[in-house]
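A short write-up of the structure that comes next.
The values are calculated or read from the model by the stated rules, or taken from the named source; none is laboratory data. From a predicted model like this one, the values you see are computed outputs, not experimental measurements. Here Cβ is always computed from backbone atoms with ideal geometry, including for glycine, and neighbour counts include all displayed protein chains. These accessible areas exclude ligands, DNA and RNA; they are computed on the full protein's heavy atoms, side chains included. Shrake-Rupley method; radii C 1.70, N 1.55, O 1.52, S 1.80 Å.
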Amino acid sequence: MSINSFGHLFRFTTWGESHGPALGATVDGCPPGVRLEPAMIQQWMDKRRPGLNKNTTQRNEPDTVNILSGVYEGKTTGTPIQLMIENTDQRSKDYGDILNTFRPGHADITYHQKYGLRDPRGGGRSSARETASRVAAGGVAREAIKAIAANVQIKGYMTQMGTKKIDPAKVDWDQIDQNDFFCPDAEAAAEWNDYLAWLRKDDHNSVGAIIEVVARGVPAGIGAPVYAKLDTDLSAAMMSINAVKGVEIGEGMAAAALTGRDNADEIFMGSDGPEYSSNHAGGILGGISTGQDIVVRFAVKPTSSILSPRKSIRMDGSPTEVVTKGRHDPCVGIRAVPVGEAMMACVILDHLLLDRGQTGGVRGSIG
C-alpha cells in the first residue's frame, strides 16, 4: 500500500510527478458553503512557485491552479475538491545522464530498492515539486479556517540559513514579504543574499535552513490526547515535507537544557481568561492548544542536486562520480516556507473540525 493522503476529517491526497503532464490534490472533508475561487488559492501558489527570483530554481512554472470539482457558484459543496496544476517547463533531458545512476542525498536508491524502478526525471514523485499540491490544499484550508475561526493567522519565515541566524531582537513580520527569503530580519536578509550568491556561483554548492511557522488566534482546546495530539500531527505534517530532517514544537530540543522551573509556563488569570508568563510549550500542552501562539520549527537539509562531483554507484554496482545538472534551488528552505504554512493550515483546520465533531465547542469554565 502506498500512502499518499494526509489528515483525519479534512484530508487531501496528492498525485503526479515532477516531469509528468500535471500534478495536484484531491481535497475531501472541506465543509460546504465556504467561498472558494481559484485566485484565493493562487496567491499562496505564487509564493511557492519556482523562477520568482535569482535565489530559487529557474524552472519557470506558472503553477496555475484549476478547480475541477467540489465548487459551485463560488462555494464549496462538501464533495471532493479536485485541484490540478499543469507542468509546463519540464526539461527531462537534463536527467538523461543519471538514468542508471543513483544521486547521493536523493531518494533514487531507496525508490529503486523498494519498487524495483523509478522515474529519474527530476526525481519523479520524490521531487519537491510535489509540494505545489500541498500548497493548493492549504489554500483551501485557509478559506475554511476563515469561516470557522476568523481570528486565526498563520505565518512562516526563515530563521536560519546554514550557520547564519536572524537576530531575534530585530524580528519584524512586516519584513517577511519584503525579501527573497521570507526573512523577518532585514539585515540578515541582505547578508543571506550575498552569501547565497557566492555559494551558487562560485562554490557550486547548496545550504540548509530552519523555518518557523506560527499560528496565532487558535482557540484553547484544539487537539486530542495520546494518538491525535495537535503537536503529533503538526510534527508529522512538517516531517512529511521533502528534505525536512528535524521538527521542533516550542522550545523543542533546547528544552533538554532547561530546568523544570525555567521550562514551566506560569499561569495567571487575566481579564479575558488564563494568561501565561512564557511560551516554552509552543502553545500546546498534553496535545491540546492553550490559546497561545502555536510555534513549530523544522530543519531543511541542503539541496542534494549540486554541480560539485560526488561519489556514487550505478545500477550495476560500479563506481562513478555524479554532477547533477538542471535547475535547482541553492537553498530549498526558501520555498519551503509557504509549504510549512500550508501544512499548518491543513492540520489546524483538521483539528478544528475534529473538535467540533467531538465536543461541539463545549469548554471547561475557568474563573
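For the subset of segment 310-325 comprising residues that are touching a strand residue (DSSP E or B) at 6+ places or on another chain (Cβ under 9 Å) and outside any strand (DSSP E or B), which member is surrounded by the most Cβ atoms within 10 Å (Cβ to Cβ)?
Taking segment 310-325 first, the residues touching a strand residue (DSSP E or B) at 6+ places or on another chain (Cβ under 9 Å) are 310-315, 319-324.
Right, trim to outside any strand (DSSP E or B) and you get 315, 323-324.
On the way: 315: 12, 323: 14, 324: 22.
Residue satisfying both the conditions and the ranking: 324.
Would you mind finding the one in 281, 299 that is surrounded by 15 or more Cβ atoms within 10 Å (Cβ to Cβ), outside any loop (DSSP other than H, G, I, E, B) and among the aliphatic types (A, V, I, L, M)?
Values: 281 fails: outside any loop (DSSP other than H, G, I, E, B).
Checking each option against the conditions leaves just 299.
Within segment 308-324, count every residue that is closer than 14 Å to residue 109 by Cα and basic (Lys, Arg).
2
I need the full set of residues from segment 38-63 which are open to solvent by 10 Å² or more (accessible area, probe 1.4 Å), touching a helix residue (DSSP H, G or I) at 6+ places or on another chain (Cβ under 7 Å) and modelled with pLDDT of 95 or more, in order please.
Those that are open to solvent by 10 Å² or more (accessible area, probe 1.4 Å), touching a helix residue (DSSP H, G or I) at 6+ places or on another chain (Cβ under 7 Å) and modelled with pLDDT of 95 or more: 40, 44.
Which residues, counting only those in segment 233-267, are surrounded by 12 or more Cβ atoms within 10 Å (Cβ to Cβ) and of a type in the set (Asp, Glu)?
Narrowing segment 233-267 to residues surrounded by 12 or more Cβ atoms within 10 Å (Cβ to Cβ): 233-244, 246-252, 255, 258, 263-265, 267.
The answer is 233, 248, 251, 265.
Just the residues that are modelled with pLDDT of 95 or more, small (Gly, Ala, Ser) and either over 14 Å from residue 283 (Cα atoms) or in contact with a helix residue (DSSP H, G or I) (Cβ under 6 Å, 6 or more places away or on another chain) (or both), please, taken from segment 236-254. Walk me through how you get there before you give the answer.
Going through segment 236-254, the residues modelled with pLDDT of 95 or more turn out to be 236-241, 244-254.
The next check asks that each one be small (Gly, Ala, Ser); those that pass are 236-237, 240, 246, 250, 252, 254.
Hits for segment 236-254 are 236, 237, 240, 246, 254.
Within segment 1-53, track down each residue that is more than 16 Å from the chain's Cα centre (by Cα) and among the aliphatic types (A, V, I, L, M).
1, 3, 9, 22, 23, 27, 34, 36, 39, 40, 52
Enumerate the pairs (first residue in segment 253-265 and among the acidic types (Asp, Glu); second residue anywhere and loosely packed, with under 11 Cβ neighbours inside 10 Å and not in a helix (DSSP H, G or I)) with beta-carbon separation below 7 Å, excluding pairs fewer than 6 apart on the same chain, so at least 6 apart or on different chains.
265/277
What are the residues in segment 153-171 that are in contact with a helix residue (DSSP H, G or I) (Cβ under 8 Å, 6 or more places away or on another chain) and either buried (at least 21 other Cβ atoms within 10 Å of the Cβ) or over 29 Å from residue 352 (Cβ atoms) (or both), if any?
Step one: filter segment 153-171 for residues in contact with a helix residue (DSSP H, G or I) (Cβ under 8 Å, 6 or more places away or on another chain), giving 154-158, 161-162, 164-167, 170.
Answer for segment 153-171, where residues must be in contact with a helix residue (DSSP H, G or I) (Cβ under 8 Å, 6 or more places away or on another chain) and either buried (at least 21 other Cβ atoms within 10 Å of the Cβ) or over 29 Å from residue 352 (Cβ atoms) (or both): 154, 156, 157, 158, 161, 162, 164, 165, 166, 167, 170.
Answer yes or no: is there a residue in segment 128-144 that is open to solvent by 40 Å² or more (accessible area, probe 1.4 Å) and at pLDDT below 90. Write out each step before concluding.
First, pick out the residues of segment 128-144 that are open to solvent by 40 Å² or more (accessible area, probe 1.4 Å): none.
There is no residue in segment 128-144 that is open to solvent by 40 Å² or more (accessible area, probe 1.4 Å) and at pLDDT below 90.
Return yes when residue 273 is more than 24 Å from residue 247 (Cα to Cα), more than 28 Å from the chain's Cα centre (by Cα) and either open to solvent by 30 Å² or more (accessible area, probe 1.4 Å) or without any contact (Cβ under 8 Å) to a residue 40 or more places away in the chain (or both) and no when it is not.
Working: more than 24 Å from residue 247 (Cα to Cα): yes; more than 28 Å from the chain's Cα centre (by Cα): yes; either open to solvent by 30 Å² or more (accessible area, probe 1.4 Å) or without any contact (Cβ under 8 Å) to a residue 40 or more places away in the chain (or both): no.
Here the answer is no, as residue 273 does not meet what is asked.
Filter segment 197-231 down to the residues that are part of a helix (DSSP H, G or I) and open to solvent by 30 Å² or more (accessible area, probe 1.4 Å), then identify the one that is modelled with the highest pLDDT. Don't jump to the end; show me each part of the working.
Initial filter on segment 197-231 (part of a helix (DSSP H, G or I)): 197-201, 226-228, 230-231.
Restricting the remaining residues to those that are open to solvent by 30 Å² or more (accessible area, probe 1.4 Å) gives 198, 200-201, 226-227, 231.
On the way: 198: 91, 200: 85, 201: 85, 226: 91, 227: 92, 231: 97.
The residue in question is 231.
Hey, any hits in segment 316-323 for a residue that's of a type in the set (Gly, Ala, Ser) and touching an Asp or Glu at 6+ places or on another chain (Cβ under 8 Å)? Explain how you work it out, then say what you get.
Step one: list which residues in segment 316-323 are of a type in the set (Gly, Ala, Ser), which gives 317-318.
Then keep just the ones that are touching an Asp or Glu at 6+ places or on another chain (Cβ under 8 Å); that gives none.
Checked against the condition, which is being of a type in the set (Gly, Ala, Ser) and touching an Asp or Glu at 6+ places or on another chain (Cβ under 8 Å), segment 316-323 yields no hits at all.
Here are 333, 286, 361: which of them is at pLDDT below 95, at positive phi and out of contact with any His (no Cβ under 8 Å at 6 or more places or on another chain)? Break it down stepwise before answering.
On the way: 333 fails: at positive phi; 286 fails: at pLDDT below 95.
Checking each option against the conditions leaves just 361.
Would segment 87-104 turn up any residue that is buried (at least 20 other Cβ atoms within 10 Å of the Cβ), assigned to a helix (DSSP H, G or I) and aromatic (Phe, Trp, Tyr)?
Yes: segment 87-104 contains one or more residues that are buried (at least 20 other Cβ atoms within 10 Å of the Cβ), assigned to a helix (DSSP H, G or I) and aromatic (Phe, Trp, Tyr).
Please indicate, with yes or no, whether at least one residue in segment 75-85 is outside any helix (DSSP H, G or I), small (Gly, Ala, Ser) and either over 20 Å from residue 242 (Cα atoms) or at pLDDT 95 or above (or both). Write out each step before concluding.
Filtering segment 75-85 for residues outside any helix (DSSP H, G or I) gives 75-85.
Now drop any that are not small (Gly, Ala, Ser), which leaves 78.
Narrowing further to those that are either over 20 Å from residue 242 (Cα atoms) or at pLDDT 95 or above (or both): 78.
Yes, segment 75-85 contains a residue that is outside any helix (DSSP H, G or I), small (Gly, Ala, Ser) and either over 20 Å from residue 242 (Cα atoms) or at pLDDT 95 or above (or both).
Within segment 336-358, track down each residue that is surrounded by fewer than 24 Cβ atoms within 10 Å (Cβ to Cβ) and either without any contact (Cβ under 8 Å) to a residue 12 or more places away in the chain or in contact with a His (Cβ under 7 Å, 6 or more places away or on another chain) (or both).
Correct list: 354 only.
Report the residue count in segment 1-34 for those that are open to solvent by 40 Å² or more (accessible area, probe 1.4 Å) and under 19 Å from residue 64 (Cα atoms).
5
Would you mind finding the one in 234, 307 that is assigned to a helix (DSSP H, G or I) and either closer than 30 Å to residue 331 by Cβ or touching a Ser or Thr at 6+ places or on another chain (Cβ under 6 Å) (or both)? So that I can check it myself, show each step before the final result.
Details: 307 fails: assigned to a helix (DSSP H, G or I).
Being assigned to a helix (DSSP H, G or I) and either closer than 30 Å to residue 331 by Cβ or touching a Ser or Thr at 6+ places or on another chain (Cβ under 6 Å) (or both) holds for just one of 234, 307, which is 234.
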